[in-house]
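Contents: one structure, followed by commentary.
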Amino acid sequence: MKYSIDKKENYTIITIDEKKLDTTVAPDLKSEFVKLNAEGINNLILDLQNVKYTDSSGLSSILIANRLCNSTGGLLVLTGLQDHVMKLITISKLESVLHILPTVEEGIDRIFLHAIERDLTSKE
C-alpha cells in the first residue's frame, strides 16, 4: 500500500496514494491505524484526495480508525473525498458518524476545535 504519514504534535495526517481503497489495501491500512493508536496517536486526518474508489473493506478500515480515535477521546477527520467515496458513505448513512471536510487545513482546524471543546467539557 502506498501512503505517507506526517506526524505532528497534536495530530497525524495519513495521505493514501492509491486509486482504490479495497480488499488489497484495507488490511494494511487497518494495521497502520492500530499501530498509530498503540503509539498514543488519537487525532487522525485521513486524506483521501487520491482515492477514486472504495468498497466495503475500505469503509470498514475507516470505521475502525474512527472507533480507535473515539475510544481515546480523539477525532478522525476525512478530507478530500471523491464522488464515489462520498456516495458510498452517504448510501451507508455514515455521513452523520464520520467527520468529513473538504481540505486537510479544515481538518486540522476541526481537531484543534475538538480539543478545546473536550477541555471545556472536562472542566465543568
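What to note about this one:
- Leu78 long-range amide H proximity, modeled H, under 5 Å: Leu46, His99, Ile100, Leu101
- In order along the stretch 76-90, the phi-based Karplus estimate (6.51 cos²θ - 1.76 cosθ + 1.60, θ = phi - 60°) of 3J(HN,Hα) comes to 10, 10, 9, 10, x, 5, 7, 3, 4, 5, 5, 4, 5, 5, 5 Hz; Gly and Pro are listed as x.
- Nearest 10 degrees, 0 to 90: helix 56-71 Cα axis against the chain principal axis: 10
- On the chain, 52 percent of the accessible area sits on carbon and sulfur atoms, based on a 1.4 Å probe.
- Note that the chain carries a Kirkwood radius of 14.5 Å, evaluated over its alpha carbons pair by pair.
- Annotation: amide H of Tyr3 within the under-5 Å range of Asp17, sequence separation 5 or more or interchain, hydrogens built in the peptide plane.
- Plainly put, the stretch 1-52 has a radius of gyration that is 0.96 times its Kirkwood radius, both from alpha-carbon atoms, as the Rg/Rh ratio.
- Along its first, second and third principal axes, ordered by size, the stretch 63-124 spans 41, 23, 16 Å in Cα coordinates.
- Probe 1.4 Å, protein heavy atoms only - accessible area per residue of the chain in square angstrom: 54
- Residues in the stretch 9-14 carry Karplus couplings, in order, of 5, 10, 6, 10, 9, 10 Hz; the curve used is 6.51 cos²θ - 1.76 cosθ + 1.60 with θ = phi - 60°, and Gly or Pro positions show x.
- Low-density loop positions, GluC sites (Glu not before Pro), the stretch 1-91 - DSSP coil, at most 14 other Cβ in 10 Å: Glu9, Glu39
- Contact order for the chain, expressed relative to its length and based on alpha carbon pairs under 8 Å spaced 6+ residues apart, stands at 23 percent.
- Among Ala38, Ala26, Ala65, the largest mean-square fluctuation in a Gaussian network model of the chain (Cα springs under 10 Å) belongs to Ala38.
- The antiparallel fraction among DSSP beta bridges confined to the chain stands at about 25%.
The values are calculated or read from the model by the stated rules, or taken from the named source; none is laboratory data. Only a predicted model underlies this, so the values are computations on that prediction, with no experimental measurement involved. Note: ideal-geometry Cβ built from the backbone for every residue, glycine included; neighbour counts use all protein chains shown. Surface accessibility is based on the protein's heavy atoms, side chains included, excluding ligands, DNA and RNA. Shrake-Rupley method; radii C 1.70, N 1.55, O 1.52, S 1.80 Å.
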